[in-house]
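The structure is given below, and queries will be raised subsequently.
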């Protein structure tokens, strides 16, 4: 057992040092592409770190959103940058003095955080006892889901709203769709055909299992969104008749369900987003299911960047 | 330790050797095609050996199935992405290494 715990210490130290080193390389590599690849590697290592900290929910989200989809978004942004700037835009070297001016407040933050951590009791319970006491009233048995979809459900509401606003911002830029990537690629085509049903299945599983084990709307949504990204990469586009109203309804379904539930709860005499515990699990399932659909569609639409055309003349 | 334990240690070590060789190849080989060659050996065979070694220690057939599924997915993703990278490199005219 002694050797085993030593080994675990070694792995933890390796992960920690690796994270710091990767973060440094991401910030200071002159090539944008290299920085993006390093950022994806950073996300994967971060997911491993969350696993080591016994936070599988966060690890799942980090791997799916942090490494996977953010990586894909950054790469697609990089492609767009390369297309649009004909001349290689030189990155001006920032004056050293500004770097050092930034370093001082950062150092203060680090010292402050370190001091705050040193003040913590060795095994802080935080709010976990309060969550454990009220878990029966939440309608789910996974404490993370209980917090995110019941006790602090307005957090999730605002997260869904932020994603939606991000897509509105991207769409308002009126970016034209690039011609590159629409040529059919046989290997990618086969891969997509095998993976898409599997990803849909995994997303449904994650959504369902979120009630009592790690999983939930954001994880399921990002897996489903990844299926959308794969389809887009393989050259698939939303049929014109679905790109109008049906697409928009799917995009706002999550947010509007949240708001509708909030309003219904107030009309029913309760407080904002306060669920009666007898119906809590059904409400949470409906919220999570619609949020999953919306999150997946928004993420895939963010990857495509250009707004899908729904009439023939555009 | 039983015979099964020894066998699984053997498979795990063999898998680790493949990963080490693949990493060395990735770092040392001269061009993108040979590096991909080294990388896929580590991914396909190395992970396969690890999966066999771990499957011997699995508690249920369900977890054996999960391990095999992971291997299958990595095989699929690894083969496809290496193919795509190599094809793109050929299209962009990256020269193959000659001695």
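Laboratory data are not the source of any read-out in this text; all were calculated from the coordinates shown. Only a predicted model underlies this, so the values are computations on that prediction, with no experimental measurement involved. No Cβ is skipped: glycine too gets one built from the backbone with ideal geometry, and neighbour counts run over all protein chains shown.
Please give the length that would be gained between residue A:128 and residue A:194 if that part of the chain were fully extended, namely 0.36 nm times their separation in residues minus their C-alpha to C-alpha distance (nm, one decimal).
Values: separation 66, 0.36 × 66 = 23.76 nm, distance 4.13 nm.
Gain in length upon complete extension: 19.6 nm.
Specify the inter-centroid distance of region A:215-251 and region B:20-48, based on alpha-carbon positions, in whole Å.
Here the answer is 34 Å between Cα centres.
Next question, about the same structure. When a/c is below 1.5 the answer is rounded, else prolate if a/b is larger than b/c, else oblate, so apply that to region A:119-164 with a ≥ b ≥ c taken from the square roots of the Cα gyration tensor eigenvalues.
oblate
Return the average number of partner chain Cβ atoms within 10 angstrom of each residue Cβ along peptide A:195-205.
Numbers: counts 4, 0, 0, 3, 0, 0, 0, 0, 0, 0, 0.
The shielding value for this peptide is 1.
Taking only DSSP H segments of four or more residues, each worth -39500 (n - 2.57), what value at 222 nm results for chain A once the sum is divided by all its residues, to the nearest 500 deg cm²/dmol? Don't skip to the end; give the middle numbers.
Working: 12 runs with 217 residues, N = 314.
Calculated at 222 nm, the ellipticity per residue is -23500 deg cm²/dmol.
What is the diffusion coefficient of region A:222-292 in µm²/s, taking the Kirkwood radius over Cα pairs and the Stokes-Einstein relation at 10 °C with a viscosity of 1.306 mPa s? Each step should come with its number before you reach the end.
Numbers: Rh = 14.2 Å.
Answer from the Stokes-Einstein relation: 111 µm²/s.
Based on the Cβ-Cβ distance of residue B:61 and residue A:243, what FRET efficiency does E = 1/(1 + (r/R0)^6) give at R0 = 51 Å, to the nearest 0.05? Present the calculation step by step, with values, prior to reporting the outcome.
On the way: r = 45 Å, r/R0 = 0.88.
It comes out at approximately 0.70.
Round to a whole angstrom and tell me the spacing of the C-alpha centers of region A:127-173 and region B:53-99.
That distance is 36 Å.
Related question: Using the Cα gyration tensor of region A:1-124, with a ≥ b ≥ c the square roots of its eigenvalues, what is the shape: rounded (a/c below 1.5), prolate (a/b larger than b/c) or oblate (neither)? Before the final figure, lay out each step's value.
On the way: a/c = 2.44, a/b = 1.47, b/c = 1.66.
Judged from the Cα gyration tensor, region A:1-124 comes out oblate (a/c at least 1.5, b/c at or above a/b).
Find the relative contact order for chain A and round it to a whole percent, using C-alpha pairs within less than 8 Å whose residues are 6+ positions apart. Mind dumping the intermediate values first?
On the way: 318 pairs, mean separation 62.1, N = 314.
That works out to 20 percent.
Rounded to whole Å and sorted largest first, list the principal axis extents of the Cα atoms in chain A.
Principal-axis extents of chain A (Cα, largest first): 59, 57, 41 Å.
What is the Cα centroid distance between region A:57-78 and region A:104-119, reported in whole angstrom?
A separation of 28 Å, based on Cα centres.
How would you rank A:160, A:153, A:99, going from fewest to most other Cβ atoms within 10 Å of each one's own Cβ?
On the way: A:160 27, A:153 22, A:99 10.
Listing A:160, A:153, A:99 from fewest to most nearby Cβ atoms yields A:99, A:153, A:160.
Here's a follow-up. Sort A:23-34, A:106-117, B:63-74, A:56-67 by packing, meaning the average of other beta carbons within 10 Å per residue, with the highest value first.
A:56-67, B:63-74, A:23-34, A:106-117
Follow-up. How much of the calculated P(r) for region B:10-99 lies past 15 Å, in percent of all Cα pairs?
When every Cα pair of region B:10-99 is considered, 63 percent fall beyond 15 Å.
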